Amino acid sequence: MSLERPDTVDDGAVERTPDELEALLGDLVVDRDDHLNAPGFVIRPDTVQETLSVLKEQAGYDHLSVVSAQEYENRYESIYHLKKYDDPTQEVSVVVPADKDDPVSESAEPVFRTADWHEREAYDLIGIEYDDHPDLRRILLPETWQGHPLSMDYDKDRPQIATLPEHANPLQDHHKDEESDTMFLNIGPHHPATHGVLHLKTVLDGEQVVDVEPDIGYLHRSEEQMAQNGTYRHQIMPYPDRWDYISAGLLNEWAYARAAEDLADIEVPEYAQVIRTMGAEMCRIAAHMLALATFALDINGDFTATFMYAINDRERVQNLLEDLTGQRLMFNYFRLGGVVWDLPEPRDEFFSKTRDFLDQLPESIEEYHNLITSNEIFQMRTIDTGVLPPEVAKNYGATGPVARGSGVDYDLRRDDPYGYYDELDWDVITEDGCDNFSRLLVRMREVEESAKIIEQCVDLLEDWPEDERNIQANVPRTLRPDDDTEIYRAVEAAKGELGIYIRADGTDKPARFKIRSPCFSNLQTLPEMANGEYIPDVVAALGSLDIVLGEVDR
Amino acid sequence: MGTAPAQLFPEYLVDTFGIDSVLGDVVASLIGAALVANIILAFSGVAGPWAKRKITAAFTDRIAVDRIGPFGLLIIPAAAVQLLAKELIVPEGVDRPTWDIAPILLPASAMLGFSVIPMGQIGPLNIHLADPEVGLALVFAFASIASVSLVMAGYASNNKYSFLGGLRAVAQNLAYEIPLIVTAMSVVIFAGTLQISGVVGAQTETLATVAGFDIPAWFAFVNPFAFVLFLTANMAEIGRNPFDIPEAPTEIVGGYQTEYSSAYFVLFYLGEFVHIFLGGAILSVVFLGGASGPGPESISFIWFVVKVWGFFLFTQWARAAIPRVRIDQLIEIGWKGMLVLSFANLVLTAVIVGVIA
Amino acid sequence: MSSDQPFITDESQVVTETRDARMTGQGDRFNSRLREAFGSSPFILTKFDKFLNWCRGSSMFMLQFGIACCSIEMMHTYAVKHDLDRFGSGVPRASPRQADVMIVPGTIVSKFAPRMKRVYDQMPEPKFVVGMGSCTISGGPFQEGYNVIKGAEEVIPIDIHVPGCPPRPEALVYGVVKLQERVANGEAAPVTVKPYELEEFSDLERDELVDKLADQIDDDELVMRYNFADSP
């Protein structure tokens, strides 16, 4: 709270109507462009910083979820989706149109640190240039790429050249100054600790990290384009599974389902909501188990028992999910308006399997606590390393276990309820340590909460009257949401706030489909956590962020 | 149990075959060395591709190799041949011949250490090559050559990860060699000699008799504190978990051995295992009564094998369960903790021995 | 396509270099210097070769290499339930210098392809590649993506393809065992010329794109040029 001026502290909690906000912004607002989820204020491209700081400091909108950029026939547009960490149902969109021929817009980076990467991405994919941005380079595509792939005149078939510059003499002096010698080290994109294909440009002073810069885009699979090429009803749903591929499939599918259902005004039957909730929490357990497993790999070295045991527990959840959805990893189980099929027959067997799993879960969690969290060496390695203070976390738009490990009490399942969560009895876990250990502890305790949720769902499903088992609402064969409706909706995925922005243009495919990936924002905090620490701490911090490159790069 | 130490192996050969000449000594020594080297290489060969996997698998609920030959044992020749038959890549810019010497030095130095280790008896053969008066000092000297090899490998590889690994190896060995030797010195005070047969001989007496069982005066029982210190320092010395930081696959890829392939990699791999076994052998000589154990002396080789493999099992157990410490923490533990404790142990031992004597 | 001629490809329509290279390439990866020195293969060497192939097939070190979704299933393959190590091929090595087999578990995109090629080049011969999942076959579900390489085979040669999105661990185990079988029998996929190679920038054919980038890229910098229009 130290960053806010004392006289505005209380304003954060106050909910303002859109008109009050417009009055607060005064002349800054040029026009209104309301979205389904929030009021939208159109502003001039040179007043971005002013508008956002008014909203942040005087109205308490302290969370910049995402910057979604797009190109229209006659203009470019960047939208800043703002929320409050205290109450994410209070949302506001700031719409910044930019000139078609010379798309320049002011950067929001001085107000929200998180805008740095989001604007670089917008520049990379759409081609909007941001004035006053500290480092406007391509982020996802190679530096030498030609054209901006999500802009309208992009030619997909043109040849491209990608470079491999890292073949200089490795022992050459890099970044040498008069005081000391530092060494430049590439960690990744192929490195055992990067959890996929992340590249960390690290500058070392001995074993200590002077500067680390994540270089992403090695798994940029054009997910947004793929979604824009698919029809709402069936063709998009398989892709969310592949964003956060650590078995968090159902959580991701829910993000799309929630956005599209709100966009097309579809009501999901209660029975389907319970099934969704149960499946999603199973996915959360699987995802957190892998986070635990890979974190143990980072701290213990390969072939540690913790890794194997955690994978074993994942195997159990995956068996349940396979029974439910028919797939081990890429479930494709949700449909707009419900789920694709009912629980597997015989239902009793499924329930008893699930209960067996839940019964043995406390025992395995106890085992993990014995193996790692109560180990002195482990504590020595993780406590007070990779510290991320809550204010910094908020400034970077960190969400999920990363934010909750820093004591930021923000969980969309409770704060912006969807599905069946608000009917169930469970707690949001936070830890105040702000370090690697807290983040791990949050995940381990969240597994217990998820187990609680699943148990209640199983109870509900078991007693559900047979003639009320409605798994899908009636949804038209082809969905064509109205032209120019826009929506941003988020759910609490395994890694944090996973949001989808959709703009409909009256056809059966979205005109713009923007994914707000929690890992993308979380990864941005790495330099804050790692600078000044040792190499092993960078590896540990990266492990505790639990990034999935599929979601970071999309 | 045995009072007068049995004849050394080369001497036995000389006597048995009556080749009492300079040439005879040389031949006998060579035969002895070949025997010891083969025993150790056999240990490492079994441990590296097979036992290590099987042990780790047992700790992690898996099976590991079981399709290739009985119990997967044929993986040993298969892995050895396939690794040796691979292309040997010499990266551009490596510093030869340092780069080539390093992988030879590591197993060689560890093997040299075994020259003074008494490995027990097989029937009339006492597998012990030499017993110089400064044996204990010699074996530590040989063992610590290994860190030179790691630095050479790390520095010559022209790779930053190797470089970091090499530097870590020096820092770690400096920090742990001193407590290791100082702790061993406390044993020397008890034994009153640096000669290894003397150190082992001092442990043959009976410490106490519990329920009819004679508990031997192994220094591990006489001074358990020193034993724990020595064990810890020994783990660091051989670079195993929680002190495997010169290698640290999830941090610096492979450390000093990142750039090595094929035969050189085999040599490093082998060297690591020989080194573990040397660590186990030193531990058993200094603290676990050498090759002694219940039963007739003529099968004491079995006890040596049991002790050395027991230590190997321990290292693998640690690998499966214990996290790795950070380099700065390791050095802090080494200089601020272990060094102080080992000197305290030394002074205390000296005082106690002085008072009793 | 009519039903009586189900699988006849119109050769004139196939213009990609990948396919041509694949059809003409010959495998010489098992040739040792010794064998080359002898010219032909005398009896003792054929026996020796057989033994060597058995060794290579029986013991394989994997490269610890995770890219995308499939790497999760790959981890499961190494871990408790599926335990790839039973077949003697479950030891992942972090350094490519010490690996025999590279499992490519995921989508290859433009920025990563040069790096993957580099890692492949760093592995010592004989080396083998298992392509895991649809993405390494054709780009899989992301085939349409503007940034996606249409299969790992555009960059490095692949010995075994394991289809699936992602393949189940059982499928990967099957693929690896199949590879071991083939290696033990001395069969290998031919080393083929790939359409996308790492080359120095100055070696590229001059055209509009190269001219445009000339001031951004040094002459001796390694680059990979993608011809997306010509991709299969």
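The values are calculated or read from the model by the stated rules, or taken from the named source; none is laboratory data. Values in this document were obtained by computation on a predicted structure and should not be read as measured data. A quick note on method: Cβ atoms are made from the backbone with ideal geometry, for glycine too, and the neighbour counts reach across all protein chains shown.
Of all residues in the range A:251-264, those that are assigned by TED's automatic domain parsing to the domain that holds A:D482 have Cβ atoms under 6 Å from Cβ atoms of residues that are in a helix (DSSP H, G or I) and surrounded by 24 or more Cβ atoms within 10 Å (Cβ to Cβ), 6 or more apart or on another chain, in A:L251/A:A280; A:L251/A:C283; A:N252/A:P240; A:E253/A:P240; A:W254/A:A280; A:Y256/A:P240. If you check A:I365, A:I372, A:I299 for being under 13 Å from A:L440 (Cα atoms) and surrounded by fewer than 24 Cβ atoms within 10 Å (Cβ to Cβ), only one passes: A:I365. Looking across the range A:308-331, the residues that are assigned to a helix (DSSP H, G or I) and at the interface with another protein chain (Cβ under 7 Å from one of its Cβ atoms) come down to A:M308, A:I311, A:N312, A:E315.
For the range B:304-330, a residue qualifies if it is among the β-branched types (V, I, T), buried (at least 19 other Cβ atoms within 10 Å of the Cβ) and away from chain A (no Cβ under 14 Å), and exactly one does: B:V308. Whenever a residue of the range A:518-544 is away from chain B (no Cβ under 14 Å) and in a loop (DSSP other than H, G, I, E, B), its partners that are surrounded by fewer than 24 Cβ atoms within 10 Å (Cβ to Cβ) and charged (D, E, K, R), lying with C-beta atoms within less than 7 angstrom and at least six residues away or across chains, give the pairs A:N531/A:D211. For the range A:245-264, filtering for residues that are in a helix (DSSP H, G or I), among the polar types (S, T, N, Q) and over 17 Å from A:V340 (Cβ atoms) leaves 0. From the list A:S247, A:S222, the lone residue that is buried (at least 21 other Cβ atoms within 10 Å of the Cβ) and within 22 Å of A:Y421 (Cα to Cα) is A:S247. Just checking, does the range A:482-490 include any residue being of a type in the set (V, I, T) and more than 25 Å from A:G301 (Cβ to Cβ)? So far as the range A:482-490 goes, yes, one or more of its residues are of a type in the set (V, I, T) and more than 25 Å from A:G301 (Cβ to Cβ).
Taking the criterion of being within 24 Å of C:D121 (Cα to Cα), in a helix (DSSP H, G or I) and in contact (Cβ under 8 Å) with a residue 24 or more places away in the chain, the residues of the range C:146-180 that qualify are C:A152, C:E153, C:E154, C:L172, C:G175, C:V176, C:V177, C:L179, C:Q180.
Yes/no per residue for (1) of a type outside the set (A, V, I, L, M); (2) modelled with pLDDT of 85 or more; (3) farther than 30 Å from C:F48 by Cα:
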| site | (1), (2), (3) |
| --- | --- |
| B:A4 | no, no, yes |
| B:L13 | no, no, yes |
| B:L35 | no, yes, no |
| B:S44 | yes, yes, no |
| B:K52 | yes, yes, no |
| B:F59 | yes, yes, yes |
| B:I75 | no, yes, no |
| B:D100 | yes, yes, no |
| B:A110 | no, yes, yes |
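Within the range C:96-114, the set of residues being part of a helix (DSSP H, G or I) and more than 9 Å from chain A (Cβ to nearest Cβ) comprises C:R97, C:Q98. Among the residues of the range B:216-269, those identified as facing chain C (nearest Cβ under 9 Å) and without any contact (Cβ under 8 Å) to a residue 12 or more places away in the chain are B:P249, B:T250.
Among residues of the range A:186-220 being β-branched (V, I, T) and under 14 Å from C:A68 (Cα atoms), the one that is nearest to the other protein chains (Cβ to nearest Cβ) is A:V197. Restricting the range B:157-173 to residues that are among the aliphatic types (A, V, I, L, M) and more than 11 Å from every other protein chain (Cβ to nearest Cβ), the residue that is surrounded by the most Cβ atoms within 10 Å (Cβ to Cβ) is B:A169. Against the numbered list (1) charged (D, E, K, R); (2) surrounded by 24 or more Cβ atoms within 10 Å (Cβ to Cβ); (3) under 16 Å from the mean Cα position of the chain (by Cα), B:E177 comes up short only at (2).
Listed by position, the helices (runs of 4 or more DSSP H) contained in the range B:1-66 that have at least 1 residues being away from chain A (no Cβ under 14 Å) are B:9-17, B:22-46. Comparison of B:V199, B:V182 shows that the only residue that is crowded, with 19+ Cβ neighbours inside 10 Å, among the β-branched types (V, I, T), in a helix (DSSP H, G or I) and at pLDDT 85 or above is B:V182. Residues that are among the charged types (D, E, K, R) and in a helix (DSSP H, G or I) within the range B:79-120 comprise just one, B:D100. Quick check on the range C:72-95: of everything there that is hydroxyl-bearing (S, T, Y) and more than 7 Å from every other protein chain (Cβ to nearest Cβ), which residue is surrounded by the fewest Cβ atoms within 10 Å (Cβ to Cβ)? So, considering only residues that are hydroxyl-bearing (S, T, Y) and more than 7 Å from every other protein chain (Cβ to nearest Cβ), the one surrounded by the fewest Cβ atoms within 10 Å (Cβ to Cβ) is C:Y78.
Filtering the range A:221-244 to residues that are more than 10 Å from chain C (Cβ to nearest Cβ), outside any loop (DSSP other than H, G, I, E, B) and either basic (K, R) or under 21 Å from A:G338 (Cα atoms) (or both) leaves A:A227, A:P240.
A residue that is assigned to a helix (DSSP H, G or I), in contact (Cβ under 8 Å) with a residue 60 or more places away in the chain, surrounded by fewer than 22 Cβ atoms within 10 Å (Cβ to Cβ) and charged (D, E, K, R) occurs somewhere in the range C:45-55.
Give the residue, chosen from A:A122, A:A69, A:A98, A:A115, that is farther than 29 Å from A:L549 by Cα and either hydroxyl-bearing (S, T, Y) or at pLDDT 85 or above (or both).
On the way: A:A122 fails: farther than 29 Å from A:L549 by Cα; A:A69 fails: farther than 29 Å from A:L549 by Cα; A:A115 fails: farther than 29 Å from A:L549 by Cα.
From the options A:A122, A:A69, A:A98, A:A115, the qualifying one is A:A98.
Residues in the range C:97-107 include none that are farther than 29 Å from B:A85 by Cβ and surrounded by fewer than 23 Cβ atoms within 10 Å (Cβ to Cβ).
Can A:V317 be described as closer than 21 Å to A:R469 by Cβ and either of a type in the set (A, V, I, L, M) or outside the structural domain of A:S374 (by TED's automatic domain parsing) (or both)? Full working, then the answer.
Working: closer than 21 Å to A:R469 by Cβ: no; either of a type in the set (A, V, I, L, M) or outside the structural domain of A:S374 (by TED's automatic domain parsing) (or both): yes.
Criteria not met by A:V317.
For the range A:88-97, the candidate set comprises residues that are of a type outside the set (S, T, Y) and more than 18 Å from the chain's Cα centre (by Cα); within that set, the residue that is nearest to A:S53 (Cα to Cα) is A:V94.
The condition of being within 20 Å of A:E528 (Cβ to Cβ) and in a helix (DSSP H, G or I) holds for only one of A:V392, A:V387, A:V408, A:V447, that being A:V392.
With respect to the conditions (1) within 18 Å of B:T258 (Cβ to Cβ); (2) crowded, with 24+ Cβ neighbours inside 10 Å, B:V151 lacks only one, and its number is (2).
Just give me the residues in the range B:57-84 being touching a residue at least 60 places away in the same chain (Cβ under 8 Å) and buried (at least 16 other Cβ atoms within 10 Å of the Cβ), in sequence order. Within the range B:57-84, B:F59, B:T60, B:A80, B:L83 meet the criteria.
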